[in-house]
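The values are calculated or read from the model by the stated rules, or taken from the named source; none is laboratory data. Please read all numbers here as calculations on a predicted model, not as lab measurements. We place every Cβ from the backbone using ideal geometry, glycine too, and count neighbours over all the protein chains shown. For accessibility, only protein heavy atoms count, side chains too; no ligands or nucleic acids. Shrake-Rupley method; radii C 1.70, N 1.55, O 1.52, S 1.80 Å.
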Amino acid sequence: MKGMTQQNRPPVVAYGPLYPYLIEELERRFTVHAVAADADLSALPFDVRQARALVSFGSVGASAGIMDALPQLEIIGLFSVGYDKVDVDHARTNGIRVTNTPDVLTDDVADLAVGLLYATVRNIAANDRLVRSGAWARGERPALSGRVTGSRIGILGLGRIGRAIAKRLEWQAGEILYHNRREAADAPYRYVADPIDFARQSDVIMVATSGGPEAAKLVDAAMLDALGQDGAIVNISRGSVIDEDALVAALADRRIAGAGLDVFANEPDVPSALLTMDHVVLQPHQGSATRHTRKAMADLVLANLDAHFAGDPLVTPVV
Ligand code: 8YV
């Protein structure tokens, strides 16, 4: 910021590898200390422990441990909409503000979800491999696929992203249904209160609920069995929402038809069994990863920090 000297630049911790544009812009405003996500929190240098802000992202978040290691901490700026890895209660108890990046990423995450739906149901990735390997030229015939048009699309978690997915599929879907903890008053889609009924009535489940303990392993073996052998599942939310062992088993036994996965329980580790399955489409957590949206997310992190240090209301507060 103009006129700022090294002395009046608030110290900020950049936690884990941050997006380069975000780092550059942080460095223009603040004294930035990079801290690795696996750093020994009991051995942080004195300068780092003076940090008044922490910038982190979805898969790293902010534990009670890092908050306690930074006694001057006032605000956590998250480069993600999901704050399941932030100890929000600890932040609240300690008067630490938390901000995230909602809305700016909704369209791109929903676009990827729809892309994964088509890639999975229409065998796009498997057929790409068939062509590249020369198998098609040698006479191998691709299997016929399922279809998207006319299918019953079940949205698990009708929040901002769930609604954006539903909106995109209104034209193609035979029906759109959804499951939430509670019925949404203003949703033009059919609510199914029981998760097993919901899975049974869906041809495809689009997982769009937020992560965290309440949603952990919400999709379990029983739900996958209810989805059934012609059913597919797409997940752009958090790997923790699906019981990953149950998913791998259901796919291996062909108790469900396929899966399109952008997120995993232990990223970047992916269960090795999935790597050899042709009826699975895998992405390295790319939902918000467009040049446009990553810049918008960074600008929103910066807008929140700027507002905080100017004493203005936060733009997108969680706490
Ligand atoms: C990001 C995300 O991939 O917004 C979220 O919750 O998971 C993603 O947009 C991530 O935080 C950036 O590394």
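To make sure I understand the rule: partners must be aspartates and glutamates, Cα under 12 Å from the Cα of Lys217, and not fewer than 8 residues away in the same chain. Which ones qualify?
Lys217 reaches Asp243, Glu244, Asp245.
Fully extended, how many nm does the chain gain between Ala34 and Asp278 (0.36 nm per residue separation, minus their Cα-Cα distance)?
Once the chain is fully extended between Ala34 and Asp278, it gains 83.8 nm.
Roughly how many debye, to the nearest 20, is the charge dipole of the chain about its Cα centre, given +1 on each Lys and Arg Cβ, -1 on each Asp and Glu Cβ, and no other charges?
Details: 31 positive and 39 negative charges, 149 e Å.
My answer is approximately 720 debye.
So, with a 1.4 angstrom probe, what is the percent of accessible area on the chain that is carbon and sulfur?
Of all accessible area on the chain, carbon and sulfur atoms account for 51 percent.
Answer with one residue from Ala135, Val301, Phe198: the one whose Cα lies farthest towards the positive end of the charge dipole of the chain, charges on Cβ with Lys, Arg +1 and Asp, Glu -1.
Selected residue: Ala135.
Multiplying the sequence separation of Trp171 and Arg152 by 0.36 nm and subtracting their Cα-Cα distance, what value in nm do you get? Mind dumping the intermediate values first?
Numbers: separation 19, 0.36 × 19 = 6.84 nm, distance 1.19 nm.
Taking 0.36 nm per residue and subtracting the Cα distance, the gain is 5.7 nm.
Write down the Å³ per residue value for the convex hull defined by the alpha carbon atoms of region 106-282.
Once divided by residue count, the hull of region 106-282 is 113 Å³.
Sequence neighbours fewer than 8 away in the same chain don't count; with that in mind, list the aspartates and glutamates whose C-alpha is under 15 Å from Lys295.
Reachable aspartates and glutamates: Glu24, Glu25, Asp103, Asp107, Asp108.
Students often check this: by mean Cβ neighbours within 10 Å, which of 154-166, 18-30, 65-77 ranks highest, and how do the rest follow?
Working: 154-166: 23.8, 18-30: 16.7, 65-77: 19.9.
The packing order, highest mean first, is 154-166, 65-77, 18-30.
Calculate log10 I(q)/I(0) of the chain for q = 0.13 Å⁻¹, where I(q) comes from the Debye formula with a single equal point scatterer on each Cα and nothing for solvent.
Debye output, listed in q order: -0.95.
Any idea which of Ser145, Met67, Ala51 is furthest toward the positive side of the dipole for region 1-153, if Lys and Arg beta-carbons carry +1 and Asp and Glu beta-carbons -1?
Checking the options against the dipole of region 1-153, the answer is Ser145.
About the Cα centre, and with charges only on the beta carbon of Lys, Arg (+1) and Asp, Glu (-1), how big is the dipole of region 106-282? Nearest 20 debye, please.
Around 480 debye, computed over region 106-282.
Gain in length, Ile196 to Ile124, computed as 0.36 nm per residue apart minus the alpha-carbon separation, to one decimal in nm?
Roughly 23.1 nm would be gained on extension.
Per residue, what accessible area does the chain have, given a 1.4 Å probe and all protein chains present, in Å²?
Counting only protein heavy atoms, the per-residue value for the chain is 49 Å².
Restricted to Cα positions, what overall size does region 26-89 have along the principal axes? Three whole-Å values, descending.
Taking the Cα atoms of region 26-89, the three principal extents are 29, 28, 20 Å.
So what's region 192-283 giving for Cα Rg divided by 2.2 N^0.38 Å, two decimals?
0.97
Could you give the Stokes-Einstein D for region 152-210 in µm² per second, using the C-alpha Kirkwood radius, 4 °C, 1.567 mPa s?
The estimated diffusion coefficient comes to 118 µm²/s.
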